[in-house]
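The values are calculated or read from the model by the stated rules, or taken from the named source; none is laboratory data. It should be emphasised that the depicted structure is a prediction, and the values quoted were computed from it without experimental measurement. Ideal geometry is used to build each Cβ from the backbone, glycine not excepted, and the neighbour counts take in all protein chains shown. Calculation scope for accessible area: heavy atoms of the full protein, side chains included, ligands and nucleic acids excluded. Shrake-Rupley method; radii C 1.70, N 1.55, O 1.52, S 1.80 Å.
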Amino acid sequence: MPATEPTDRRRALTVAILVAFGAALLVFQLLDLGWSPLQAWDESRLAVNAFEMMQTGARFVTTYDYRPDLWNTKPPLVINLMAWSMQLLGPTAFALRLPSALAACATVAVVLFAVRRTTGSLGCGLAAATLLAAGPIFHGYHGGQTGDYDAVLTLFTTAYGFILFDLIERDRPARALALTAGLLVGLAILTKGIAGVIPGVGIAVYALVFAFQTLPRKLIDYAIVGAIAGIIGGVFYWLRGGANDGYLAAVALNELGGRFGSSIEQHQGGRWVYLRELAIYLPGRLWPALVALPLLSAGPSRRLAIFSLCQVAGVLVVYSSAATKIGWYIIPAIPFLATLIALAGLGLIHGASRFPPRVSTGIKFALALIVVGCALFSIRHRYIKQFIPPTPPRAFDMLIAAANERKLLPLVVVDTGFHNDAGFAGYAPTLRFYALAAAQRKVTVTQAVDFDALGAAQAFGSCDPAVRARVPNYGQVVWSGSGCVLAERRAVPSGVDG
């Protein structure tokens, strides 16, 4: 009995550490999901898709202005998650962003579990998980902090990546691994189309180059993965194409030819743009540590490092070869980059084992301080909001709330909208979402693209930098804040329009 006490004590300590880590992760990721109004690109468009889906109940076809959306051609899984979240919590920024935030937390948990399981080191698993959670490109804008596709996509690609690594490495893998991996690849396809299979490039390279000798006896497993994923994705596209609304042609143009053959909406960059992107933020900022990877002992840890390197390189090569270059495309590579950095730290510990215990202990302590420092840096980065989105969000929610408080309803919002490649006139998806949400509360909010369209409106306002300075020419300003102006209409405009 006494022999079991140290084991029980270690197990209890491990559980306590994991519970504390999980609680801290949830607080970090969920605390400030309402940090700003919805982003103009692409969050607000997906919010409109989700709101209309919630209202119509049509879960298969995404719409904008209640017509099939052929500009955003991604499958509807994430839109469904957002719609369900809004049904439970109401049409708020928090509800829309909750699926992304929970997916980010789940991805961190997958990395922690997989790295610990492969290396046998809880410290290495915690380091990889912390470095991943600390990465602004992972947890922030267009990642876990906004209502976009990429956090959910990264959960599925990370999970199937580690499962396929397990399948490749086992001598006699359970058939359940292939079944689960196929399901996850299919879900990744339903999340973001072809982007769901791009991380598979690195997996294929690893299987062909570093595990070629096991390939023949695992062909059935690989066939099962491909068949299940193909059936899931194929059935969706077959059924969706049956609507005969041009969806499949739009998918081919947008995902297969458009983004790779030419730059979409001026998203350009050089060949090394993604490497620079990784080097700016954590965990990529720690890239010099990768030189310690050869110090890893031969075995599962070293093979996981090679696998992770293939994953990161595969994503970088594919997206760097495309004409359209957008920073968040490489988010699926971040979990494996964090794994690489953590494994490099484990390599340093392995190398230090040849030195006196005092040296080894000092290196472990220094590595722990680095990981903690990364976590603190990330908290500082997140809560002082150093990142400014390319297009600052417009605070229509605050404008509508100010009008409602002053009984200035119905409200007309003057907004010229954004230029877009889809040909939408006066495209203002953020305003549309907040107007739809207001309509659910029996509050009428409409858009006017210029002051000539105000008609008989008595209350109007604007958050558009191009026009809000002209609001006083048409009414008495009664409120201003967060870049918006609210006014009551004068009987006769004063001054000229210019």
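Within the range 355-411, list the trypsin sites (Lys or Arg not before Pro) lying in a DSSP loop whose Cβ has at most 10 other Cβ atoms in a 10 Å radius.
Those that pass, being in a loop and sparsely packed, are 407.
Summing Lys, Arg as +1 and Asp, Glu as -1, what charge do residues with Cβ under 10 Å from the Cβ of residue 434 carry, residue 434 excluded?
+1
What trypsin sites (Lys or Arg not before Pro) in the range 170-256 are in a loop by DSSP, with at most 14 other Cβ atoms within 10 Å of the Cβ?
For trypsin sites (Lys or Arg not before Pro) across the range 170-256 that sit outside H, G, I, E and B with at most 14 neighbouring Cβ atoms in 10 Å, the list reads 170.
Keeping the other protein chains in place, figure out the carbon and sulfur percent of the accessible area of the range 46-148, with a 1.4 Å probe. Walk me through the numbers on the way to the answer.
Numbers: 1980 of 3040 Å².
Ligands and nucleic acids excluded, carbon and sulfur reach 65 percent.
For the chain, report the accessible area per residue in Å² (1.4 Å probe, heavy atoms, rounded to an integer).
With all protein chains present, the chain gives 45 Å² per residue.
Cα centroids of the range 132-162 and the range 167-241: how far apart, whole angstrom?
Each part's Cα centre sits 20 Å from the other's.
Points 7 angstrom from Cα along the Cβ direction at residue 279 and residue 208: gap in nanometres?
My value for the distance between the label points is 2.9 nm.
Multiply the residue gap between residue 420 and residue 231 by 0.36 nm, knock off their C-alpha separation, and tell me the result in nm, one decimal place.
Length gained, residue 420 through residue 231: 64.6 nm.
Starting from the Cα of residue 238, step 7 Å along the direction of its Cβ; do the same at residue 219; then give the gap between the two resulting points in nm.
Label at residue 238, label at residue 219, 2.5 nm between them.
Using protein chains only and a probe of 1.4 angstrom, how many square angstrom of residue 328 are accessible, to the nearest 10?
40
Under a no-solvent Debye model with one identical scatterer per Cα of the chain, what's log10 I(q)/I(0) at q = 0.08 Å⁻¹?
-0.56
Which ³J(HN,Hα) values in Hz, rounded to whole numbers, follow from the phi angles of the range 83-90 under the Karplus curve 6.51 cos²θ - 1.76 cosθ + 1.60, where θ = phi - 60° and Gly and Pro get x?
So the J values, rounded to whole Hz, are 5, 5, 4, 5, 4, 7, 10, x.
When the solvent-accessible surface of protein heavy atoms is calculated with a 1.4 angstrom probe, in what order do 43, 405, 169 fall, highest first? Write down the numbers at each step before the final one.
On the way: 43 5, 405 140, 169 60 Å².
Final ranking, largest accessible area leading: 405, 169, 43.
Let me cross-check residue 247: its accessible surface, 1.4 Å probe, with only protein heavy atoms counted, in Å² to the nearest 10?
For residue 247, the solvent-accessible surface is approximately 10 Å².
How far, in nm, would the chain grow between residue 175 and residue 65 when pulled straight, counting 0.36 nm per residue and subtracting the alpha carbon separation?
Extra length from residue 175 to residue 65 when fully extended: 35.1 nm.
State, to one decimal in nm, how far the label point of residue 58 lies from the label point of residue 194, with both points 7 Å from Cα in the Cβ direction.
2.6
Hey, if you put +1 on the Cβ of every Lys and Arg and -1 on every Asp and Glu Cβ in the range 32-98, which of 96, 36, 57 ends up farthest toward the positive end of that dipole?
After comparing all options, I get 57.
What's the magnitude of the charge dipole for the range 405-464 around its Cα centre, counting Lys and Arg as +1 and Asp and Glu as -1 at the beta-carbon? Answer in Debye, nearest 20.
Dipole of the range 405-464, to the nearest 20 debye: 440 debye.
First compute the accessible area of the range 404-498 with a 1.4 Å probe, then give the percent of it belonging to carbon and sulfur atoms.
Answer for the range 404-498: carbon and sulfur cover 52 percent of the accessible area.
Can you say what percent of the DSSP beta bridges in the chain, counting only those with both residues inside, are antiparallel? Round to 5.
70
In whole Å, what is the distance between the alpha-carbon centres of the range 421-468 and the range 24-75?
That distance is 19 Å.
Report relative contact order for the chain in percent, whole number only (criteria: Cα-Cα under 8 Å, sequence separation at least 6).
Answer for the chain is 15 percent.
At 0.36 nm per residue, minus the direct Cα-Cα distance, what do residue 383 and residue 366 gain on full extension? Give it in nm, one decimal, please.
Gain on stretching residue 383 to residue 366: 3.5 nm.
On each of the three principal axes of the Cα atoms of the range 330-442, give max minus min coordinate, whole Å, ordered largest first.
Per principal axis, max minus min of the Cα coordinates gives 76, 36, 23 Å.
Using the Cα centre of the chain as the reference point, and only Cβ charges (+1 on K/R, -1 on D/E), how large is the resulting charge dipole? Debye, rounded to the nearest 20.
Values: 40 positive and 27 negative charges, 299 e Å.
Value, rounded to 20: 1440 debye.
In terms of solvent-accessible area of protein heavy atoms at a 1.4 angstrom probe, what is the ranking of 180, 391, highest value first?
If we order 180, 391 from most to least accessible, we get 180, 391.
Let me confirm the definition first: pairs of Lys residues in the chain, 8 or more apart or on different chains, C-alpha distance under 25 Å. How many are there?
Eligible lysine pairs with Cα atoms under 25 Å apart amount to 5.
Starting from the residue with the highest accessible area, list 248, 155, 167 in decreasing order, probe 1.4 Å.
Most to least solvent-accessible, the answer reads 248, 155, 167.
To the nearest 0.05, what FRET efficiency results for residue 406 and residue 245 with a Förster distance of 51 Å applied to their C-beta separation?
FRET efficiency, residue 406 to residue 245: 0.75.
What accessible area, in Å² to the nearest ten, does a 1.4 Å probe give for residue 82?
My reading of the accessible area for residue 82 is about 0 Å².
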